[in-house]
1. Identify all residues within region 4-24 that are at pLDDT below 80 and closer than 24 Å to R67 by Cβ; write none if there are none.
2. Would you be able to tell me the number of residues in region 1-23 that are touching a Lys or Arg at 6+ places or on another chain (Cβ under 8 Å) and at negative phi?
3. Collect the residues in region 1-54 that are among the acidic types (D, E) and touching a residue at least 24 places away in the same chain (Cβ under 8 Å), keeping them in residue-number order.
4. Please work out which one of (1) part of a helix (DSSP H, G or I); (2) open to solvent by less than 70 Å² (accessible area, probe 1.4 Å) is the condition F28 fails and give its number.
5. Output the residues belonging to region 33-81 that are open to solvent by 80 Å² or more (accessible area, probe 1.4 Å) and not in a loop (DSSP other than H, G, I, E, B).
Amino acid sequence: MSGGERAREDTRGQLILFSERTGGAAFFNTNDLSTAMKRATDDAGLSYALTFRPTHGQWDGRFRELRVVVNRPAMQVNARK
């Protein structure tokens, strides 16, 4: 693999990681912007906002992992980590 190919793969991997961590999706090698925009607007139209407030009183600034699970077939949770 050449240096340029390796750099492209590294960039692609970073974009995929970024999209996963932010609850988004990465699109590659496509000029189909209308499909990407439709998917984004469809996702935005079906959203919920959840809040978390710890009751243990430990306000130490640490990150806590939260996991959202849905109990319906064909449903998908897109959330940042």
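The values are calculated or read from the model by the stated rules, or taken from the named source; none is laboratory data. Every value quoted in this text rests on a predicted model; they were computed, and no experiment measured them. Cβ placement follows ideal geometry from the backbone for every residue including glycine, while neighbour counts extend to all protein chains displayed. Calculation scope for accessible area: heavy atoms of the full protein, side chains included, ligands and nucleic acids excluded. Shrake-Rupley method; radii C 1.70, N 1.55, O 1.52, S 1.80 Å.
1. Once the filter is applied, which keeps residues that are at pLDDT below 80 and closer than 24 Å to R67 by Cβ, region 4-24 yields G23, G24.
2. The total comes to 3.
3. The answer is E20, D43.
4. Tallying (1) part of a helix (DSSP H, G or I); (2) open to solvent by less than 70 Å² (accessible area, probe 1.4 Å), F28 fails exactly one: (1).
5. L33, S34, M37, K38, R39, T41
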